[in-house]
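Asks: Below you will find the structure I want to go over with you.
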Amino acid sequence: MQGTPPTSAVARSDFITAMRRVASSVTVVTTDGTAGRHGATVSAFSSVSADPPTVLVCLHAKSRIAAAVEGNGRFCVNVLPDHSDSIADRFAGAHDREIADRFTGIPCQGAKGMPPQIEGATSFACTVDNVVQSGSHLVVFGRVEAVGQGDREPLTYLDGAYHRVTPKTVQTMGAVN
């Protein structure tokens with residue numbers, strides 16, 4: 001019905017429980033520029049298009065990372081390698097009481113004022129192309145300006161815990177079960 005606000009067909013708790021069963025790569029979004037340097041672990045990241053290369057990230061609209069990305073006009077998505085649980089925790093804010101700067105001791109590449117690329121991560125350096133608000137989050141579309149190839153399998157997150165990607169065993173043709 002036109003003009004009627006949408007209603008949720010699903011209870012929030014049911015939605016969250018279902019989403020916990022969806023595995024995703026662990027990403028840290030970084031930015032630097034006139035709005036400051038910041039980084040945060042982000043769960044929603046996706047490829048949008050190869051023509052032109054575009055990705056999206058979802059950032060809580062009231063977060064520091066959202067304000068910094070919008071203010072700087074650029075960001076980098078760092079898909080963390082499998083051994084990077086401590087980096088994911090750091091950028092999720094787990095150590096903010098002990099460490100004032102989340103980047104302290106984290107090896108990064110990139111010039112001052114440019115979004116940091118975390119060493120070993122698969123990275124997508126982007127210029128903000130479009131921002132759309134949806135519910136409590138901003139969907140930030142980024143035009144990919146540069147990529148960095150990671151050196152390991154990605155760290156994944158499922159049901160509240162980090163996991164490692166392992167390939168299924170490939171059966172040979174004609175194998176007897």
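Asks: Report the Cα-based extents of segment 100-157 along its three principal axes, largest first, to the nearest Å.
Replies: Result, largest extent first: 34, 28, 27 Å.
Asks: Multiply the residue separation of A100 and V132 by 0.36 nm, subtract the distance between their alpha-carbon atoms, and state the gained length in nm to one decimal.
Replies: Numbers: separation 32, 0.36 × 32 = 11.52 nm, distance 3.05 nm.
In short, 8.5 nm is gained.
Asks: At 1.4 Å probe size, with every protein chain present, just tell me what the per residue accessible area of the chain comes to in Å².
Replies: 63 Å²
Asks: If I stretch the segment between R21 and R152 completely, what's the gain in nm (0.36 nm per residue apart, minus their alpha carbon distance), one decimal?
Replies: Working: separation 131, 0.36 × 131 = 47.16 nm, distance 2.35 nm.
Value of the extension gain: 44.8 nm.
Asks: Further, regarding this structure: For segment 15-76, give the percent of accessible area contributed by carbon and sulfur heavy atoms, probe 1.4 Å, rounded to a whole number.
Replies: Values: 1710 of 3130 Å².
Carbon with sulfur: 55 percent of the solvent-accessible area.
Asks: Another question, if that's okay. Taking θ = phi - 60°, what integer Hz values does the Karplus form 6.51 cos²θ - 1.76 cosθ + 1.60 yield along segment 97-106, in sequence order, with x for Gly and Pro?
Replies: Taking θ as phi minus 60°, the curve returns 6, 8, 10, 5, 10, 4, 7, 4, x, 9 Hz for segment 97-106.
Asks: Still on this structure, I have one more. What number does segment 1-104 give for Rg over Rh if you use C-alpha atoms and the Kirkwood radius?
Replies: Using Cα coordinates only, the ratio equals 1.03.
Asks: Going by average Cβ density within 10 Å per residue, which order do the peptides 137-143, 93-99 take, highest to lowest?
Replies: Values: 137-143: 20.0, 93-99: 11.3.
Output ranking for 137-143, 93-99: 137-143, 93-99.
Asks: Right, here's the next one. Give me D for the chain in µm² s⁻¹, whole number, from Stokes-Einstein with Rh from the Kirkwood sum over alpha-carbon pairs, 4 °C and 1.567 mPa s. Walk me through the intermediate numbers first.
Replies: Details: Rh = 17.6 Å.
For the chosen part, D equals 73 µm²/s.
Asks: Calculate, for V165 and A44, the FRET efficiency according to 1/(1 + (r/R0)^6) with r their C-beta to C-beta distance and R0 22 Å; round to the nearest 0.05. Don't skip to the end; give the middle numbers.
Replies: Values: r = 19 Å, r/R0 = 0.85.
With a Förster radius of 22 Å, E is 0.75.
The values are calculated or read from the model by the stated rules, or taken from the named source; none is laboratory data. In this text the structure is predicted, and so the values were computed from the model without any measurement. For neighbour counting, all protein chains shown are included, and Cβ atoms are generated from backbone atoms with ideal geometry for every residue, glycine included. Just so you know, the surface numbers come from the protein's heavy atoms only, side chains and all, with ligands and any DNA or RNA stripped out. Shrake-Rupley method; radii C 1.70, N 1.55, O 1.52, S 1.80 Å.
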